[in-house]
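Notes follow once the structure below has been shown.
Read the figures in this text as sums done on the coordinates, not as results from a lab. Keep in mind that what you see is a predicted model, and the values were worked out from it rather than measured. Please note: Cβ atoms are built from the backbone with ideal geometry, for glycine as well, and neighbour counts cover all protein chains shown.
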Amino acid sequence: MKSDYTIIRCQTTDKFRVMDLLCDADEYKLVRDHIDVVYYNGETAIERYETQKVIKDNINKLYRHNILSETKKDFVNEWFFLF
């Protein structure tokens, strides 16, 4: 089963900086010591592919700005209210 969303977890609490760098996200949430950035994957295979390219580029962009980040499938389970 594929998730409808992808979460980038950013190891910073500077929400405004993340929002400025990743202005294309659907939602941002400050959670204790990190920020979660949410992307809707799309409905078609092409939309999902394009979203994954954007996410990969955005993780690299964060890294260039000294913000460690990653995405994992289990992050989506923590956003239970999206389902």
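About its Cα centre, what dipole magnitude does the stretch 5-76 give when the only charges are +1 on Lys and Arg Cβ and -1 on Asp and Glu Cβ, stated in debye to the nearest 20? Kindly include the intermediate steps, with their values, before the conclusion.
Values: 12 positive and 13 negative charges, 57 e Å.
Around 280 debye, computed over the stretch 5-76.
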Item to complete: Per DSSP H run of at least 4 residues, take -39500 (n - 2.57); add these up for the chain, divide by its residues and hand me the 222 nm value, nearest 500 deg cm²/dmol.
Response: -12000 deg cm²/dmol
Response to the item:
To the nearest 10 degrees, the tilt of helix 45-64 (Cα long axis) against the first principal axis of the alpha carbons of the chain is 10 degrees
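Checking the a/c ratio against 1.5 first, then a/b against b/c, what shape does the Cα gyration tensor give for the chain? Kindly include the intermediate steps, with their values, before the conclusion.
Values: a/c = 1.96, a/b = 1.32, b/c = 1.49.
Verdict is oblate for the chain.
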